[in-house]
1. With the cut-off at 28 Å, tell me which of the pairs 213/340; 228/260; 213/260 have Cα atoms farther apart than that.
2. In nm, to one decimal, how far is the residue 130 label point from the residue 84 one, both placed 7 Å along Cα→Cβ?
3. Test of understanding: what is the full-extension gain from residue 267 to residue 330, defined as 0.36 nm times their sequence separation minus their Cα-Cα distance?
4. Carbon and sulfur atoms: what percent of the 1.4 Å accessible area of region 172-303 do they account for?
5. Starting from the 7 Å offset along Cα-to-Cβ, what nm value, one decimal, do you get for the label separation of residue 95 and residue 302?
6. For region 130-263, with every protein chain kept in place, what is the accessible area per residue (1.4 Å probe, Å²)?
7. Determine the dipole magnitude for region 123-180: charges of +1 sit on the beta-carbon of Lys and Arg, -1 on that of Asp and Glu, nothing else is charged, the reference point is the Cα centre, and the result goes in debye to the nearest 20.
8. Rg(Cα) of region 83-126 divided by 2.2 N^0.38 Å?
Amino acid sequence: MKCFILRLAALLIGLGFLSSTAEAQWRYPRRYGGYGMSQWGADPGAGYMAGLGAYARGQGVYQLDKAKADAINVDTMVKWNKALRARQAALREDKRKENEKKEDLREERAQRIRLEDGSTLNTLLFQIFASDPAVARTGRAKAPLSADVIREIPFDWDSEALTICIDQMTGGAGLPAPLMDERYRDEREALRAAVAPALKEDAEGNVSSDTVKRINDAVARFRVKFLKSAQEFELGYQNALEYFTTVASVSRLLNDPNMKAFLAKLQKGEERTIGDLITFMNSHNLRFGPAVTPIQIEIYERLGPLLLAIRDEPRSDKQTPDAPDRTGENLKSAAKNAFKGMSWNELEAHRKDL
């Protein structure tokens with residue numbers, strides 16, 4: 001009987017324990033949260049695998065977020081670069097327009113300078129001379145110019161080519177053989193000494209009338225010595241005489257006082273034409289000098305369109321310009337042919353009248 005009572009007590013205690021376990025399971029349902037509460041924390045392997053899953057999901061979320069961030073950054077930089085380049089392009093365009101404006105202003109100033117220093121008018125004048133060497137047709141141009149306008153023009157002698165021509169003609173190789181004789185050494189040296197200042201003066205402006213006079217005096221003394229020392233039957237005698245008249249004729253074109261005498265004779269209010277002006281400048285080997293007064297500048301502004309119209313006038317007899325004479329040999333030859341027939345007496349008479 002006693003043994004039976006002990007077994008019954010043990011059974012009741014066991015049922016009490018089972019009742020507590022069941023109550024605990026009712027409070028924490030099986031597979032709570034999807035992780036299986038019956039194994040969570042109880043099995044190390046199961047916990048490890050659960051941790052890996054949670055890490056993988058976290059890593060995936062991180063990588064997705066980073067990809068989104070990278071995409072946002074790339075897109076932002078693309079927009080930044082495009083905005084930067086667009087602004088730079090706008091500034092470059094503004095700079096280009098500014099430079100063009102400055103260039104236009106520079107060109108406008110340059111054109112103004114070329115007009116005022118005579119370059120523009122001289123270019124047109126030379127083109128007219130090239131197409132009409134005799135100035136036969138151009139001289140008939142009828143656009144009116146008053147004597148006052150012509151007198152106001154600051155003319156220069158276009159003498160550089162002539163000065164160099166004289167320098168070449170008076171050098172050793174430029175003289176005829178008879179004049180290279182030892183008898184004329186002093187005359188040759190005196191002529192060279194007279195020509196040297198002309199080169200310097202012409203490089204700086206116009207050859208002075210005093211320098212031209214010294215050249216003519218040296219040529220005249222050389223000629224007198226030759227006539228006293230040489231015989232007419234000597235070889236090259238006539239060539240030597242023609243040489244003297246040629247050098248004397250060319251030297252008179254360096255600074256011809258007749259030009260100023262002609263201008264002085266123009267009567268106030270007398271009407272002339274643009275054709276008269278061009279003929280006058282051709283005859284005296286003149287060019288337009290720098291305009292230094294408002295009146296002269298205004299005159300140049302008026303002359304530009306007149307010369308341009310003459311240059312562009314259609315003509316059937318228009319000449320083809322010759323190639324530039326780089327050595328000066330053509331000019332020397334042309335001078336000899338042009339002036340060899342001049343009479344020395346006429347040259348001297350002309351000189352005394354000045």
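The values are calculated or read from the model by the stated rules, or taken from the named source; none is laboratory data. Because the structure is predicted, anything quoted here is derived from the model rather than measured. Positions of Cβ are generated from backbone atoms using ideal geometry, with glycine treated the same way; all protein chains shown enter the neighbour counts. With ligands, DNA and RNA removed, areas are computed over all heavy atoms of the protein, side chains included. Shrake-Rupley method; radii C 1.70, N 1.55, O 1.52, S 1.80 Å.
1. In this structure, 228/260 exceed 28 Å between Cα atoms.
2. Rounded to a tenth, the inter-label distance reads 5.4 nm.
3. Result for the pair: 18.7 nm of gain on full extension.
4. The computed percentage sits at 53.
5. Going from the residue 95 label point to the residue 302 one covers 4.8 nm.
6. Using a 1.4 Å probe on heavy atoms only, each residue of region 130-263 averages 46 Å².
7. Magnitude of the dipole: close to 360 debye.
8. Against the compact-globule rule of thumb, the ratio is 1.89.
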